[in-house]
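Beneath this line is the structure, given in structure tokens, with notes to follow.
The values are calculated or read from the model by the stated rules, or taken from the named source; none is laboratory data. Owing to the predicted nature of the structure, the values given are computational and were not obtained by experimental measurement. As a convention, Cβ positions derive from the backbone with ideal geometry for all residues, glycine included, and neighbour counts pool all protein chains shown. SASA here: full protein model, heavy atoms, side chains in, ligands and nucleic acids out. Shrake-Rupley method; radii C 1.70, N 1.55, O 1.52, S 1.80 Å.
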Amino acid sequence: MLTPPCVSPCVYYQLLRALNPEENVHCWHGLYFQDGQRRVDYVLTYTMKKPGGGRSSRQSMHLLAENAVARSLRRGPHSRGEHVQHHQAQNTGGSSHLPSSAAADVELGCVGETFSVHEDHKAFRREEFEGKLREMGLELEKDEDVSVGFVKIHAPWNVLCREAEFMKLKMPTKKVYEMKHSSGVMDKISSLVSKALEPLHPHVEEHQPKNIKHLSHTFSREKQHLPKTDNRKMKSTQLLMTNMTGERLKGIMKYKKPKQLQLNCCLPQLLYEEWANYSVFYKYQPIGLVRKYFGEKIGLYFAWLGLYTQMLIPASLVGVIVFLYGCATVDDNIPSMEICHPRNNITMCPLCDRVCSYWKLSSACGTARASHLFDNPATVFFSIFMALWAAMFMEHWKRRQMRLNYEWDLTGFEDEEDHPRAEYEFRVMQKSMNKDQKSQHKVIKKSALLMSIYSPLCNIEMEKLTCQDRLPAYTTNLVMMLLMIGVTFAIVFGVILYRISTKAALHMSSKITRNNVQLTVKTTAAIINLVVILILDEVYGAVARWLTVLEVPKTDKSFEERLIFKTFILKFFNAFTPIIYIAFFRGRLVGRPGSYLYVFESYRMEECAHGGCLMELCIQLSITMLGKQLIQNNLFEIGVPKLKKLIRYIRSKQGAYKEEERQKKLQRYETDHFLEPFAGLTPEYMEMIIQFGFVTLFVASFPLAPLFALLNNIIEIRLDAKKFVTELRRPVAARAKDIGIWYNILRGVAKVAVIINAFVISFTSDFIPRMVYQYMYSPDGSMHGFVNHTLSYFNVSHFQEGKETMDPLYLGYRVEICRYKDYREPPWSATPYEISKEFWTVLAVRLAFVIVFQNVVMLMSDVVDWLIPDIPKDISVQMHKEKILLVDLFMKEEQGKVQILESKSFTGGKDNCSRSNNNNSTIAHQRSGLHANSTNTSGSQ
């Protein structure tokens, strides 16, 4: 499905006058029907199978029309007459007609080089569909090519009025009123801020002052005098589902760009200059124009994306401050200083069996200092701030959404019940037919058989698919979802084995390589995870759609919601499973020296570095987030549509040009046919929701995540805008008053983020152990001695046989006692290597912190939700004022009608009285005349 160019009439005629005669005719035919009067409002496309024998497309379509006439012979005289009339209308202007016998031969297959049965059936179905469009009052015109056919549709004014009344569209009336603003301190501050931000607004000139608004009322054909006469046709056409779609930007503007773009110029060009342009990245979006051109549903998406990007600005600033705080205090961090001290002689146990040797704790100095950049007391504050930020973002969006609903006249809009999908109706029909066939007798007459075939069509509305009917699909969904999640877990486990084996292999290499083993293994594993995530994202998207189709949802809305839910679950696990493993499981299922935990009896579970797993978590999170944004979200969005467009152009047109020798310039809708079809907003929303998860879920380990998200979104807005304006076919406009299920997903992610950040601070970072040591075990209340407090002792003679290191003299001396990070009793105690009481103390404080943090932050979020009203005060006041003004308007209208009726009745009464008086005088005069005549007659006698 495509749509035609969108140019205002005045600019259109200006462009026509600027073109030469040949281009003039071409542009005219591209925007209007052949008569040059009816404008193209919508375009349907269909593919055509090329007929054999070098027959031209026009001849083939002539035979196809004859097929339709022949098929009508079986439908009775009424249908046959309609098809003959339609065929004659299509062949006006001197076209030759085949005799009826030839038509019959075509239908029976006696004439060669015709379409196949399948193509003929599709053509017949298209004719039926086009006939129903004509029955609805739409006007059609065909323009068929060798490989593609175009059906241009024009919606007359009466059809637009009828559909606008059915859809209950609100239209601006002639009545205007002034919106008065209060003169409080906050309003003055708001006005000053608005003036300061004026350069950031797009250069779009408004036709009316901002404080003047037209009253809006539901459209009615009985009250067509109420809407603005200069706006009703335009608004009705744009807001209906059959509205026009737009002209692309390549080669459509023949005149120089003015300094100030006006609203009456070409709307796509205006959007391209003031929205889909990287040079205006610092400006606000013209959301009103986006809604006017693409509809409310897409307008709400870009409004939400713009607000989300604006809200990332304070989060980015605070995140940068937290990071800078870590950089400023890294030299004052006592644990890092103890690890990096040159006199530190702590010998650590080997990190792997056999090939790994003993190592000095001071060699982890760089990791310890880098960990402090993200693991410091400010990260706790930042986690609380981001939880409140998420709550404020949700509340701010609700207020913004309500304001847009008011400005776009959607306050009274309610989602109508969608029509059942064709797949659902087909399944219901099958169910009804099967039920009727089971209830029939074994012997059925022919008439009864025909009734049994058509009776399910009458009972479709009474039947529906139950849970029992969908039970196989539900079972398949559950099994496949668990299988896909299991695949994700298996891949994460494979990456774990890669890290373990690679670490052992690198330790066997030269000494130079050993110094960078940890960084090399972490980085390569993160890159492997990224590649797997990108591949599985595409696979999971296709699997989710397939599973949704199996369920056979009743409506398109239900289909979309189920698809979104499945896709989000699969992609969420795909993106965050490696991160969750590093944050909460790595280093906790290891065991201890002499009693390690092994996988497949040969792979020892990996440990965290001495600085904790937070640094590796930060590496994994940053590579995954940046990689998805740069590769999947930006590179794929730019490169894939262009590649598909090129392939579609080569397949559809290159051969056709050579065979048909058509070197003429393409029509506008033919050029749009090579653009990428609109695939919906689900990929766009999903991309941002996953990013929202990166920003909120593990923000305690990566405070720079909001900054990278902000930089990505600044480019993403203009990239999506350019894609919608120039790379995609214009989507069908759809009304919507909210973002649907995505809001609930956002709230769910925000709630889960509070819990995950609580566990990250408590279990992944060293924040709790540091606090416990400082206030419970430190002799002087400082952090001196914290590193030694967190390390346990191990006697190297207690290694299992065959697991000890092959190079015990790697440090230049024989090691008898090595250290490892854990809270366990020393080997000389009564209970060697048992968990110490310090471990249970730290664990209790960690669990207490999770409970307190979660409840306090969620309580604060609920307080923010309660304090901020969902509807702005000025909007509620204006809505109440509009209701009063509308009542006054209709009361005055009714009073005017009554006065007109009374004046008419009064005028009619006067006329009746004068007429009766005249009649009475005439009768009296006649009577007097008769009396005089009779007197004269009697006298003469």
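At a probe radius of 1.4 angstrom, the accessible area of segment 468-607 per residue rounds to 48 square angstrom. Around the Cα centre of segment 468-607, unit charges on the Cβ atoms of Lys, Arg, Asp and Glu (plus for the first two, minus for the last two) sum to a dipole of about 580 debye. Computed in the context of the full set of protein chains, the accessible area of segment 468-607 at 1.4 Å probe radius has 69% of its extent on carbon or sulfur. Sorted from longest to shortest, the spans of the Cα atoms of segment 293-448 along the three principal axes equal 103, 57, 26 Å.
Counting charges near TYR325 (Lys, Arg +1; Asp, Glu -1) among other residues having Cβ under 13 Å from its Cβ returns a value of -3. Would you mind getting me the FRET efficiency between ALA848 and THR411? Use the beta-carbon distance for r and R0 = 45 Å, nearest 0.05. Using R0 = 45 Å, I get an efficiency of 0.40. Please find the FRET efficiency linking VAL185 to SER829, where r is the Cβ-Cβ separation and R0 is fixed at 51 Å, and quote it to the nearest 0.05. Computed FRET efficiency for VAL185 and SER829: 0.15. For segment 694-799, the solvent-accessible area with a 1.4 angstrom probe is 31 square angstrom per residue. In the frame of its principal axes, segment 696-799 has Cα extents of 73, 32, 28 Å, reported largest first. Residues in segment 706-750, backbone N under 16 Å from the label point at LYS132 (7 Å along the Cα-to-beta-carbon vector): list them, ranges by number please. Taking a point 7 Å out along Cα→Cβ of LYS132, no residue of segment 706-750 has its backbone N under 16 Å. Note on THR502 and LEU324: the extension gain reaches 60.7 nm, defined as 0.36 nm multiplied by sequence separation minus the Cα-Cα distance.
Across segment 468-607, the mean sequence separation of Cα contacts (distance under 8 Å, 6 or more residues apart), normalised by length, yields a relative contact order of 28 percent.
Full extension of the segment from ASP436 to ALA196, taken as 0.36 nm per residue of separation minus the current Cα-Cα distance, would add 79.1 nm. Remark on LYS213: its backbone amide H falls under 5 Å from those of TYR177, MET179, a criterion applied only to residues 5 or more positions apart or on other chains, H modelled at 1.01 Å from N.
Applying 1/(1 + (r/R0)^6) with r as the Cβ-Cβ distance of TYR596 and ARG399 and R0 = 45 angstrom yields a FRET efficiency of 0.20.
The GluC sites (Glu not before Pro) of segment 327-428 that DSSP puts in a loop, and whose beta carbon has at most 13 other beta carbons within 10 Å, are GLU414, GLU416, GLU417. Only one residue of VAL543, ILE582, ILE564 has its Cα farthest out toward the positive end of the dipole of segment 503-637, where Lys and Arg carry +1 and Asp and Glu -1 on Cβ, and that residue is ILE582.
Convex hull volume of the C-alpha atoms in segment 468-607, normalised per residue: 128 Å³.
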